[in-house]
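*Asks:* Pasting a structure here, questions to come.
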Amino acid sequence: MTGSLYCVGVGMTLGAHICPLSRSYIENADVVFSGVSDGFVELWLREIHQDVRSLQPFYGKNKSRHITYREMVDTMLDEVKQGKNVVGAFYGHPGVFAKAPHDAIARARELGYEAKMIPGISAEDCLYADLGMDPGKQGCQHYEASQFMLYKRRIDPTAMLILWQVGLAGDLTMGIEATGAAERRLLLEILAQDYPLEHPVGYMRLQRVHCKPHEWNRRR
């Protein structure tokens with residue numbers, strides 16, 4: 001059966017984090033779909049391949065991201081079904097906080113097509129390097145902030161704790177831009193059950209990424 005899907009990571013720093021294998025898949029694809037951090041990354045991809053199609057228009061204000069991700073998957077799979085070699089190029093790592101690549105690969109394989117994920121340098125990798133953290137030193141726990149709040153995760157206070165997407169803490173709609181002070185206060189109350197309020201907290205803003213994909217779509 002002809003047609004294939006490869007979801008690759010382009011890393012967090014423009015042009016510097018992509019591995020040779022991912023670049024090769026992009027160069028040799030029939031069509032490339034981009035889910036990247038901003039317009040500059042997309043322009044850079046267009047220098048590598050002539051047919052790059054942005055996935056950003058699928059985001060919309062007050063539109064559930066569940067719908068957005070489903071539309072992305074359908075769009076990529078439509079090209080695979082036509083026998084094309086399709087690449088989905090995603091910023092960071094295509095399997096880290098990225099639902100569409102996982103779903104697209106799973107569906108492609110169910111349909112009998114070749115599908116594979118190629119890793120990239122993620123925000124997590126940059127965090128370890130920029131903050132001088134070693135997860136092997138005392139252990140490390142990772143949770144998405146809203147899931148951490150909703151599912152009452154049991155944590156080990158002697159290990160490092162990393163909460164992702166704190167700006168969306170408490171969001172159950174999958175459609176809003178950010179939550180407010182009440183949700184962040186609730187998160188603090190939950191953390192205070194295991195940590196004193198004066199416990200040191202590190203915060204990292206990834207300057208490599210100018211804005212999140214759905215924010216870029218609205219700003220264009």
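The values are calculated or read from the model by the stated rules, or taken from the named source; none is laboratory data. Computed from a predicted model, the values in this text were never measured in an experiment. No Cβ is skipped: glycine too gets one built from the backbone with ideal geometry, and neighbour counts run over all protein chains shown. The protein model used for the area step is the full one, side chains on, heavy atoms only, and it has no ligands, DNA or RNA in it. Shrake-Rupley method; radii C 1.70, N 1.55, O 1.52, S 1.80 Å.
*Asks:* When you scan the stretch 23-43, do you find a residue that is surrounded by 23 or more Cβ atoms within 10 Å (Cβ to Cβ) and at positive phi, even just one?
*Replies:* Within the stretch 23-43, not a single residue is surrounded by 23 or more Cβ atoms within 10 Å (Cβ to Cβ) and at positive phi.
*Asks:* Looking at the stretch 103-155 only, could you name the residues that are under 30 Å from Val87 (Cα atoms), in a strand (DSSP E or B), open to solvent by less than 70 Å² (accessible area, probe 1.4 Å) and out of contact with any Asp or Glu (no Cβ under 8 Å at 6 or more places or on another chain)?
*Replies:* Ala115, Met117, Ile118, Tyr143, Glu144
*Asks:* Consider the stretch 179-201. How many of its residues are surrounded by 13 or more Cβ atoms within 10 Å (Cβ to Cβ) and either of a type in the set (Gly, Ala, Ser) or part of a loop (DSSP other than H, G, I, E, B) (or both)?
*Replies:* 2
*Asks:* If you don't mind, there's one more thing I want to ask. For the stretch 60-95, what are the residues that are on the phi < 0 side of the Ramachandran plot, of a type outside the set (Ser, Thr, Tyr), touching a strand residue (DSSP E or B) at 6+ places or on another chain (Cβ under 8 Å) and not in a helix (DSSP H, G or I)? Steps first, answer last, please.
*Replies:* Within the stretch 60-95, the first condition is being on the phi < 0 side of the Ramachandran plot, and the residues that meet it are 60-61, 63-82, 84-91, 93-95.
Now narrow it down to the ones that are of a type outside the set (Ser, Thr, Tyr): 60-61, 63, 65-67, 70-74, 76-82, 84-90, 93-95.
Filter again for touching a strand residue (DSSP E or B) at 6+ places or on another chain (Cβ under 8 Å), leaving 72, 76-77, 79-80, 84-90, 93-95.
Correct list: Lys84, Asn85, Val86, Val87, Gly88, Ala89, Phe90, His93, Pro94, Gly95.
*Asks:* How many residues are open to solvent by 10 Å² or more (accessible area, probe 1.4 Å) and closer than 9 Å to Val8 by Cα when one looks only at the stretch 79-93?
*Replies:* First, the residues of the stretch 79-93 that are open to solvent by 10 Å² or more (accessible area, probe 1.4 Å): 79, 81-85, 90-91, 93.
If we keep only those that are closer than 9 Å to Val8 by Cα as well, we get 90-91, 93.
Looking only at that region, the number is 3.
*Asks:* Here is a further query. Test of understanding: among His49, His17, which residue is over 18 Å from the mean Cα position of the chain (by Cα), surrounded by 14 or more Cβ atoms within 10 Å (Cβ to Cβ) and not β-branched (Val, Ile, Thr)? Step through it out loud before you land on a result.
*Replies:* On the way: His17 fails: over 18 Å from the mean Cα position of the chain (by Cα).
Exactly one of His49, His17 is over 18 Å from the mean Cα position of the chain (by Cα), surrounded by 14 or more Cβ atoms within 10 Å (Cβ to Cβ) and not β-branched (Val, Ile, Thr), namely His49.
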